[in-house]
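Notes for the one structure printed next.
The values are calculated or read from the model by the stated rules, or taken from the named source; none is laboratory data. Please read these numbers as outputs of a predicted model, since none were measured by experiment. Note: ideal-geometry Cβ built from the backbone for every residue, glycine included; neighbour counts use all protein chains shown. Ligands, DNA and RNA are stripped out before the accessible areas are found, and what is left, the full protein with its side chains, is counted by its heavy atoms. Shrake-Rupley method; radii C 1.70, N 1.55, O 1.52, S 1.80 Å.
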Amino acid sequence: MIYNDQLGNQIRINSTLSRIVSVVPSITELLFDLGLEDKVVGCTKFCVHPNKPYLTKRMIGGTKDLNLEKILKLNPDLILANKEENVKNQIEFLSESAPVWVSDVKTFDDSLSMIEQIGQITATTKQATEIVNQLNSTLKPKKTSIKVVYLIWKDPYMTVGGDTYISDMLNRCSYINVFADQNRYPIVTLEEISDANPDIVLLSSEPYPFKNEHLTAIKSALKNIEVRLADGEFFSWYGSRQLHVKPIES
């Protein structure tokens, strides 16, 4: 069978899938939710859901420093990767020896399409449709009314632009990204955040692990602006993660 990935590349899969390597944490979890855990033979050290002890035995490096030799020794009949999370030359190297399907997710709808396409490739269309329906029900679009700054990094502070999956997720959760006019992950200062006058600043749990001490320091610098911790996995893990977590910590 021939499939197109989300970059438009054609992928030929010649046999029934039995050995899948996922080099994207959110896709690894999706495979489990599709009932494919017995077929996952390799994943990254960041693939911690849904069963870390099980996954630890199958680690093949980090998302950007894959153990290419170890992956090829697993003899995968499918490798699932992502344009942004993985390194292009590593993925191209792997694609010379195995089918590599690359996702490219910038919006919530892109994520739903990814789930459906992986369902088709892995013969789990029914399960994929159920997950898509659950996500659509759980994350119905809401009227955007709360101005937000979402921080993903410290020293320097970094936020998210309007062309990111995180920004689209914020909109779906009733937030207005005040830096939506910028691209990707711009650097911002606390002064710029204050000048933007958001209703709330969300401190993500990843990739930078913001904690209560950071919240206290930022709150003292941003007078009269609410600052809260947010589960980064909810806003940045495309796939089925949103069915398992809540977006904001109390």
Exercise for the section: Just give me the residues in segment 154-176 being open to solvent by 10 Å² or more (accessible area, probe 1.4 Å) and closer than 24 Å to residue 240 by Cα, in sequence order. Expected result: 162, 163, 165, 166, 168, 171, 172, 173, 174, 175, 176
Completion exercise
Picking from 13, 79, 91, the residue that is in contact with a strand residue (DSSP E or B) (Cβ under 9 Å, 6 or more places away or on another chain) and farther than 27 Å from residue 164 by Cβ would be 13
Fill in the blank from the handout: By residue number, the members of segment 97-134 that are in contact (Cβ under 8 Å) with a residue 40 or more places away in the chain, crowded, with 20+ Cβ neighbours inside 10 Å and in a helix (DSSP H, G or I) are 111, 114, 115, 118, 119, 121, 128, 131
Practice task
Can you confirm whether segment 53-62 contains a residue that is among the aromatic types (Phe, Trp, Tyr) and surrounded by 15 or more Cβ atoms within 10 Å (Cβ to Cβ)?
Solution key: no
Fill in the blank from the handout: Within segment 217-233, the count of residues that are open to solvent by 10 Å² or more (accessible area, probe 1.4 Å) and within 30 Å of residue 30 (Cβ to Cβ) comes to 4
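Results for (1) closer than 26 Å to residue 238 by Cα; (2) open to solvent by 60 Å² or more (accessible area, probe 1.4 Å); (3) touching a residue at least 40 places away in the same chain (Cβ under 8 Å); (4) not small (Gly, Ala, Ser), shown as yes or no for each residue.
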position	(1), (2), (3), (4)
184	yes, yes, no, yes
196	no, no, yes, no
206	yes, no, yes, yes
215	yes, no, no, yes
